[in-house]
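Undergrad: I'd like to ask some things about the structure below.
The values are calculated or read from the model by the stated rules, or taken from the named source; none is laboratory data. Keep in mind the model is a prediction, meaning the values are calculated, not measured. Note: ideal-geometry Cβ built from the backbone for every residue, glycine included; neighbour counts use all protein chains shown. Quick note on the areas: whole protein, heavy atoms, side chains included, nothing else; ligands and nucleic acids left out. Shrake-Rupley method; radii C 1.70, N 1.55, O 1.52, S 1.80 Å.
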Amino acid sequence: MHDKLFEAALGIAAPWFVAGLQFSDKDRTLTIRIDFVPGSRFQIEGVEGVHPAYDTLTKRYRHLNFFQHECVLEVRTPRVQLPDGSVRLVTPPFAGKLSGFTLLFEALVLMLAPQMPFAAVARLVGISPYRVLQICRRYVALALDTADYSGVTSLAIDETSRAKGHDYVTLAADADRRRVISVAEGCGLQTIRDIATELQAKGCPPEQIRSISIDMSPAFIKGCTDTMPNAQLTFDKFHVICHANTAVDTTRRIEQRDDKSLKGMRWILLKDRALLDSEAIADLDALIARMSTVRTARAWLYKEQLRQILERKQINVVRTMLTRWCTCVMRSKVEPMKKVADLVRRHLEGIVAWARTRQTNGFLEALNGLFQAAKRRARGFSRFDTIRTVIFLIAGKLNFRA
């Protein structure tokens, strides 16, 4: 009776059956012995037909805990002799992708790994962190081997820090399905070439890419132009406004040395006016009223004008207004904002493309935030392969069922 109950719970079907149970109170371990019906014939992947057992080996598989007790499947596993004379071990249907674990156990690890550090998962399931990492690496590698990116036409590319200092990895994501499809070391020209090579191997030739959203990194621009010649580069509004915000804050820092009233105004100037409370709005309006004498106020107005221009959707109108905006700023005395105007002039067509594509890296920035949170919880990752595995677990939307 108990054997039938465990067969149903484990999903074990003919020719396999539960041959017995053994519980060790001392070790707090439940061992479930599994056998097969004598005379059964088995299939081997990649080989036609079914084959009788040649001999057997006893294999042990770690399974999900039985309440608070560790559970192990002890399986009498047949080996079969194939027509070419070779002898192959049969893989039970409940065996996982990594030796020594069941599919359900590995599924639990894969469910927990994106949410917590490998060491925490290891403590929870009762195996070593190394084994947890190996399970995740194995499934990510298998899923990437079968991944098909032949339908990808739009990319979003951004870098994220992997450690302190100028140490980065670059993520390329399918902008339509919002999933990471490539992770490469560095953030330079060769990095973009590596990404293009990887996509080519996954059924996505570089010539197929029609649109790419990137920041205004010269290396990214040259890499994308060289390797994906048919792609329209887009510099989204948020990157442009980020540069303008930096210019506003730089202007404030310079002026507050002589004008102490600007102290404490940083976040009032950088936040969206609609998100400010009444007191902050009053302070901002008081500053704008001094526009003729305070360059920080003029910098803020230039930033808001730029934001309003980029809200428009008519390409020719946006191009004309940006050109006029740059001319106006270059005639001003707000030096930090002049650098933004020069940046806009040099990347005008890519910024104008935003009006048409509305393609943004915002979702990729959010994914970067998830990775950075995972990195902090794990106290950092030392190897690129581990970083790549974590990113794909979090944001790859991989099919682990294949």
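Undergrad: Give the distance, in whole Å, between the Cα centre of region 111-190 and the Cα centre of region 312-346.
TA: Region 111-190 and region 312-346 have Cα centres separated by 38 Å.
Undergrad: Grab region 259-402 and count how many Lys pairs have their alpha-carbon atoms under 20 Å apart, sequence gap of 8 or more, or different chains.
TA: So the count works out to 8.
Undergrad: Now for a separate question. Computed from the mean reciprocal separation of all distinct C-alpha pairs, what Kirkwood hydrodynamic radius does region 262-402 have, in Å?
TA: When all Cα pairs of region 262-402 are included, the Kirkwood radius is 18.6 Å.
Undergrad: Using R₀ = 22 Å, calculate the FRET efficiency as 1/(1 + (r/R₀)^6) where r is the Cβ-Cβ separation of R307 and D342; round to 0.05.
TA: 0.75
Undergrad: Residue farthest toward the positive end of the dipole of region 110-165, with Cβ of Lys/Arg at +1 and Asp/Glu at -1: which of A163, L142, V121?
TA: V121
Undergrad: If I take the Cα coordinates of the chain and project them onto the principal axes, what are the three extents in Å, biggest first?
TA: Principal-axis extents of the Cα atoms in the chain, largest first: 94, 49, 33 Å.
Undergrad: 7 Å from Cα along Cα→Cβ at both R401 and T153: what's the point-to-point distance in nm?
TA: So the label points at R401 and T153 sit 2.8 nm apart.
Undergrad: Suppose we look only past 17 Å in the calculated P(r) of region 70-139. What percent of the Cα-Cα pairs does that tail hold?
TA: Working: 1177 of 2415 pairs.
Within region 70-139, distances greater than 17 Å cover 49 percent of Cα pairs.
Undergrad: Related question: Return the whole-Å distance between the Cα centroid of region 246-308 and the Cα centroid of region 28-92.
TA: A separation of 71 Å, based on Cα centres.
Undergrad: Where in region 256-282 is the amide nitrogen less than 17 Å from a point lying 7 Å along the Cα-to-Cβ axis of R290?
TA: 256-270, 280-282
Undergrad: Pop a pseudo-label 7 angstrom from the Cα along the beta-carbon direction at both Q68 and R358 and give the gap in nm to one decimal.
TA: 5.6
Undergrad: May I pose another question? Roughly speaking, to the nearest percent, how much of region 178-312's 1.4 Å accessible area is carbon and sulfur?
TA: 52
Undergrad: Same structure, new question: Using only the Cα atoms of region 265-347, what semi-axes does the equivalent ellipsoid have when each is the square root of 5 times a gyration tensor eigenvalue? Give whole Å, largest first.
TA: Semi-axes, largest first: 24, 16, 10 Å.
Undergrad: Can you give the convex hull volume of the alpha carbon atoms of region 175-239 per residue, in Å³?
TA: Convex hull volume per residue, Cα atoms: 90 Å³.
Undergrad: If you don't mind, another one. Suppose every Lys and Arg Cβ carries +1 and every Asp and Glu Cβ carries -1, with no other charges. What dipole size does region 18-75 come out with about its Cα centre, to the nearest 20 debye?
TA: My answer is approximately 160 debye.
Undergrad: Sticking with this one: Can you compute the FRET efficiency between D176 and K222 using 1/(1 + (r/R0)^6), with r the Cβ-Cβ distance and R0 = 35 Å? Round to the nearest 0.05.
TA: 0.90
Undergrad: First measure r as the distance between the Cβ atoms of W267 and R41, then evaluate 1/(1 + (r/R0)^6) with R0 = 56 Å and state the FRET efficiency to the nearest 0.05.
TA: About 0.15, to the nearest 0.05.
Undergrad: Further question: Which value, in Å to one decimal place, does the Kirkwood hydrodynamic radius take for region 53-199 when every pair of different Cα atoms is included?
TA: It works out to 18.6 Å.
Undergrad: How high is the relative contact order of region 240-357, in percent, with contacts defined as C-alpha pairs under 8 Å that are six or more residues apart?
TA: 30
Undergrad: For region 61-180, give the share of DSSP beta bridges that are antiparallel, in percent and rounded to the nearest 5; count only bridges with both residues there.
TA: Roughly 95 percent of the beta bridges in region 61-180 run antiparallel, per DSSP.
Undergrad: Name the trypsin sites (Lys or Arg not before Pro) in region 88-196 that are in a loop by DSSP and that have at most 15 other C-beta atoms within 10 Å, would you?
TA: Working: sites: R88, K97, R123, R131, R137, R138, R162, K164, R177, R178, R179, R193; in loops: K97, K164, R177, R178.
The qualifying sites are K97, K164, R177, R178.
Undergrad: DSSP loop chymotrypsin sites (Phe, Trp or Tyr not before Pro) in region 13-84 with at most 12 other Cβ atoms within 10 Å of their Cβ, which ones?
TA: Numbers: sites: W16, F17, F23, F36, F42, Y54, Y61, F66, F67; in loops: F67.
Passing both the DSSP loop test and the Cβ count: F67.
Undergrad: So how far apart, in nm, are the two label points at R60 and Y130 if each is 7 Å from Cα heading toward Cβ?
TA: 1.8
Undergrad: Moving on. May I ask you to derive the relative contact order of region 129-211, considering only C-alpha pairs under 8 Å and at least 6 residues apart, and to give it as an integer percent?
TA: For region 129-211, the relative contact order is 28 percent.
Undergrad: How much of the DSSP beta bridge set in the chain is antiparallel, as a percent to the nearest 5? Write out the running numbers ahead of the final one.
TA: On the way: 41 of 54 bridges.
Close to 75 percent.
Undergrad: From the convex hull of the Cα coordinates of region 225-264, what is the mean projected area in square nanometres?
TA: Average projection, Cα convex hull of region 225-264: 4.1 nm².
Undergrad: What trypsin sites (Lys or Arg not before Pro) does region 311-402 have in DSSP loop regions with at most 15 other beta carbons within 10 Å?
TA: Those that pass, being in a loop and sparsely packed, are R312, K313, R331, K333, R358, R379, R383, K397, R401.
Undergrad: Then there is this: Could you state the accessible area per residue of region 12-154 in Å², with a 1.4 Å probe and every protein chain left in place?
TA: Heavy-atom SASA per residue in region 12-154 reads 54 Å².
Undergrad: A further question on this structure: Using 0.36 nm per residue of separation minus the Cα-Cα distance, give me the extension gain between L370 and L276 in nm, one decimal.
TA: The L370-L276 span can extend by a further 31.1 nm.
Undergrad: Nearest 500 deg cm²/dmol is fine: what mean residue ellipticity at 222 nm does the chain get from its DSSP H runs of n ≥ 4 alone, each adding -39,500 (n - 2.57), divided by its residue count?
TA: -14500 deg cm²/dmol
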